[in-house]
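The values are calculated or read from the model by the stated rules, or taken from the named source; none is laboratory data. Model, not experiment: these values are computed from the prediction. Note that each Cβ is placed from the backbone with ideal geometry, even for glycine, and that neighbours are counted across all protein chains shown.
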Amino acid sequence: MATKCKFSFTDRAAYAGKLFARMFWIPLPQPPEAESVHRHHDGYTVTMRRSEIDFGECVIDYIPKDSEKVVLWKPIKSENVFVTVVKAASGTGKSTLLTQLYRAIRERLSSPLGFDFDPDLILPEDVAIAFLPQKAPIVRHWKVKHMIPRESTFLQGLLPQEEDSERLFKRLSQFSGGQHMRLYASSALEQLSTSTAHAAFLLLDETFDGIGGEEDVAQAIETIRNVWCKEVPQKSLHVMLVSHKQLGEGRLSIPNSVSLVMDVTSRKKNRIEVQMENQ
Amino acid sequence: MIRHALTVISNFRKKHPIFDAFVWASLLACATYIGGYSDYFKAWLWNLLPITIGGLDANWWRAFGFTICASLVAWGLGAGIGYALGVFAAAARVSIGPEIKMRRWFGISIDVFYRFLYIIPFVLTANITYNIAFAWQDKFGAPRCVSGIAMILVAGAALGGYRVFIAVYSSVSEAKFESVVLSRSLFSQGRRDGSRVLGLRQSIGLVLRLRDCEILMFSRSLEDAFHLSIVAVMIVESILPAFYENFLPQSGFSPAYFGGVGRMVINAQQSLNPRQISGILWLVLIYDGIVTAIIRAGCAYFWHRYYHQQQKEVA
């Protein structure tokens, strides 16, 4: 006996119409912005379970050291910027971790990494993510004004030594390597701050390593935190920062940050085991 | 083994110095013997030198003028069509997610169809296009120039246009992970949500950023498009007699140069005139080199110069 479908004909027609419109760039009326934005959260706890990435020729196995899970972002009351600093030697899979995290959040595809997200972060529209990879291309003929809006407070914070009127019309070729990264970070933060998502993730793969010493890196992170808290207080920002600056004797002094330490415990032919713990 | 053989020869020469004299004498004898038979080839070689440009008569220069205009128009149209199609097809591919399968399929289909047009022999494409244009002109009474314009359009779009198309399209379809991630992460006007599915304007913005990441490939494709547009125009001229008559109000008797360089070369081949063929080929090569240099200078002015400023300004 045939069961009655719970979707009516009109529901199906509306769904088909919406799908068709999406396929061919036909703009649909959007819900008012107030409904989708400004949902304030105290923060999300994002954790990572033991997981394994099989690249075919190489397998990286992430093993939590003491507990079942490793905390990636930990909510702190009255804060809306959460920083995680990843500390590890070369070849431990820091960039791989960030890439997989980007894919897991952005594409919502089945990632080999076992991330535990807050239930609120299920819909992709709720989450905005930006990733500045280690080998980000520097397109030297790009003009600053095409990357960053004129009134960007992030750019003023991260690149204060340049005059507003001058820098907007400059091209990337007229800046140094460290300034490129500051510009990219400002542009990514602008993108995150203008999104309607209520949680923003910024992944920085050795982005600030070229801007100076450890104090400079810490200061840049602190600037991001201050500007974000001032300009976008209704949204959470989660920053994951990979930096080799930690490997020296001094350590990055970023307050209220989680430090994720990765150690290679065994390296066989095609298998790398990495132990992870929060410090 | 070769080293051993060379050592043996070297030792032999040290022991017998007369061996060198014998080798040189043999070479001289061979050269003198062969030289007696080389007059015919020498005459041919004279026919292939650039000085043969001086032997071209006025008709060749008039035909060359037609070819210059047609190739420049074909290049402009082809590059424009290829670029527009490339941006559109690539924009259809930049969004991700299962809900836009149709759009991705659409972009891939444009690529497959255009690739097909590129790889089949251009003579076939030109013939089919001319038949369609002529039938349309005959049936609906369209102006005579329609078939001429259609042929120039095809000459530009089928070969050169595809190079521009594929440069834009592959900068998205084969983009490096870092380029995609960076282009998506940076600020762009109008993109306000974290959605995977992008609107048309945002998709095009992303395509242009990815094109910028591979700007050298794109500017090289503009040069390639020009090379190919000359080839295509000359093929069209050679398969359609008096091709430029299509732009005149009446058909009928017209001078030979109305066939363009392609038709003149065919005529010269039939009358066994290699000197003039060589001259016009040198002329076409020089013209190609000059225009390519101008295109390269334009690309350098717009894009490439910034790649070299880094060391000068920030050292």
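List of remarks:
- For segment A:236-249, the count of residues that are touching a Pro at 6+ places or on another chain (Cβ under 9 Å) and at pLDDT 80 or above is nonzero.
- The residue that is farthest from B:L124 (Cα to Cα), among those in segment B:139-148 that are assigned to a helix (DSSP H, G or I) and in contact (Cβ under 8 Å) with a residue 24 or more places away in the chain, is B:C145.
- Selection count where residues are within 27 Å of the chain's Cα centre (by Cα) and closer than 15 Å to A:S90 by Cα, scope segment A:266-279: 5
- Among the residues of segment B:276-315, those that are at pLDDT below 80 and surrounded by 15 or more Cβ atoms within 10 Å (Cβ to Cβ) comprise B:H304, B:Y306, B:Y307, B:Q309, B:Q310.
- Filter result for A:T207 (buried (at least 23 other Cβ atoms within 10 Å of the Cβ), in contact with a strand residue (DSSP E or B) (Cβ under 9 Å, 6 or more places away or on another chain), closer than 17 Å to A:K87 by Cα and polar (S, T, N, Q)): yes
- Boolean, B:S179 is polar (S, T, N, Q), under 30 Å from A:H198 (Cβ atoms), touching a strand residue (DSSP E or B) at 6+ places or on another chain (Cβ under 6 Å) and free of Cβ contacts under 8 Å to residues at least 40 places away in the same chain: no
- Top-ranked residue in segment A:76-128 [being more than 25 Å from A:Q279 (Cβ to Cβ) and at pLDDT 75 or above; ranked as farthest from the other protein chains (Cβ to nearest Cβ)]: A:R103
- Count of residues meeting criterion [surrounded by fewer than 18 Cβ atoms within 10 Å (Cβ to Cβ) and part of a loop (DSSP other than H, G, I, E, B)] in segment A:163-202: 4
- Within segment A:147-162, restricting attention to residues that are without any contact (Cβ under 8 Å) to a residue 40 or more places away in the chain and either of a type in the set (A, V, I, L, M, F, W, C) or crowded, with 23+ Cβ neighbours inside 10 Å (or both), the residue that is nearest to the other protein chains (Cβ to nearest Cβ) is A:S152.
- Qualifying residue in segment A:217-231 (condition: of a type in the set (A, V, I, L, M), under 26 Å from A:T96 (Cα atoms) and modelled with pLDDT under 80): no
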